[in-house]
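One structure is given below, encoded as structure tokens.
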Amino acid sequence: MILQSILLLAGLLLLVKGADWLVDGASVLAKKHKVSDLAIGLTIVAFGTSAPELVVNSVASVGGYPDIVFGNIIGSNNFNLFIILGIAGLITPLAVNSSSVWKEIPFSLLAAIVLLFLANNYLSEEIPGLSRIDGGILILLFAGFLYYVFTQLKSEPTQEEIQVKNYPNLKIWGLILIGLAGLVIGGKIVVDTAVSMAQSLGISEKIIGLTIVAAGTSLPELATSIVASMKKNNDIAIGNIIGSNIFNIFLILGVSSLIQPLNFKPAFNQDIYILIGGTVFLFLAMFAGKRKTLDRWEAALLLVMYLGYTTYLVALEL
């Protein structure tokens, strides 16, 4: 068990550092080719923080572990929403712009509701799960979200610049290749070790995916949002989380189900309900207390709700 724990931590470290190196190298490469700061932030950096989930899910999908796939994404989204926003909101109250209140937060709510309907096949009598057609639908919705984001950029330009270092070409490509290798190897280690731990402990892959794997793959979002919160950059702190949750469902589950259709256990529904409830709470928090702000007491509530629910989940397994 000690060896498995060390392997899991090593795999998670490779995932996080791999994503960091990939983003670093790709950002410098994009800068050298005159790609705008905003485009870098919305594409390369956003993809980089979701890269661990993408790699873990792709490996799990190929290996035939749908519980890890769903557990990782639903668990990561709940971890992002309750823990990361909770910690960031405790550091400093998070003021949210009107666009996020009326568009991005509802879009993330839509993503969770779409997942609930597609995974359960409510509109048909098929076995619950995501087919390749469902994966295509999710990818189309992701393309729609990207279109919305870029139209927003044109109407609301920003002057904020992303600071990027200047590296020689050899170092740039070295970072990109090493980053990709770290993601692939780390993802393989995390999935294999998580499944092995679940079997040896008699704990379901669902719980491992919802807790350990989900928290580990959310480390890039955690670091990004906490640093942004400390610097009082509220848009990045909250936008990173909302954007990541939309990426995870539409893009990563879309890609995972295109690789291989995924069977879905209805037991995951309660976790999706928690995600939907938490997103609704975040939306309503924008109108309670100080308007368009996640106050410290609201952030504390998010943390308490998540810790209580996770304790309940683990207790069910014991």
The local net charge around ASN77, scoring Lys/Arg +1 and Asp/Glu -1 for residues other than ASN77 whose Cβ lies under 13 Å from its Cβ, equals -3
Which whole-Hz couplings ³J(HN,Hα) result when phi for each residue of the stretch 283-288 is put into the Karplus expression 6.51 cos²θ - 1.76 cosθ + 1.60, θ = phi - 60°, listed in order with x for Gly and Pro? 5, 5, 4, 5, 10, 9
Everything considered on the Cα gyration tensor (a ≥ b ≥ c; rounded for a/c under 1.5, else prolate if a/b is larger than b/c, else oblate), the stretch 163-318 must be described as oblate
In the structure displayed, which of LYS232/LYS290; LYS103/LYS290; LYS103/LYS232; LYS17/LYS103; LYS17/LYS188; LYS17/LYS171 lie more than 26 Å apart, Cα to Cα? LYS17/LYS103
State the extension gain, in nm to one decimal, for the chain segment bounded by LEU284 and TRP173, taking 0.36 nm per residue of separation less the distance between their alpha-carbons. 35.4 nm
Work out from phi, with θ = phi - 60° and the Karplus expression 6.51 cos²θ - 1.76 cosθ + 1.60, the ³J(HN,Hα) of each residue of the stretch 297-314, listed in order in whole Hz, and give x for Gly and Pro. 5, 6, 5, 4, 4, 4, 4, 4, 4, 5, 4, x, 5, 5, 4, 4, 4, 5
What is the stretch 72-130 by shape, rounded, prolate or oblate, if you read a ≥ b ≥ c off the alpha carbon gyration tensor as root eigenvalues and call it rounded for a/c under 1.5, prolate for a/b larger than b/c, and oblate otherwise? oblate
Where trypsin sites (Lys or Arg not before Pro) fall in DSSP loop in the stretch 288-318, at most 11 other Cβ within 10 Å: ARG291
Neighbourhood net charge (11 Å Cβ-Cβ; Lys/Arg +1, Asp/Glu -1) for LEU258: 0
Separation in nanometres of the label points that stand 7 Å from Cα toward Cβ, at LEU123 and ALA223: 4.1 nm
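Any read-out appearing in this document is the output of simple, stated calculations on the displayed coordinates, not a laboratory observation. No experiment lies behind these values; they were computed from the predicted model shown. For neighbour counting, all protein chains shown are included, and Cβ atoms are generated from backbone atoms with ideal geometry for every residue, glycine included.
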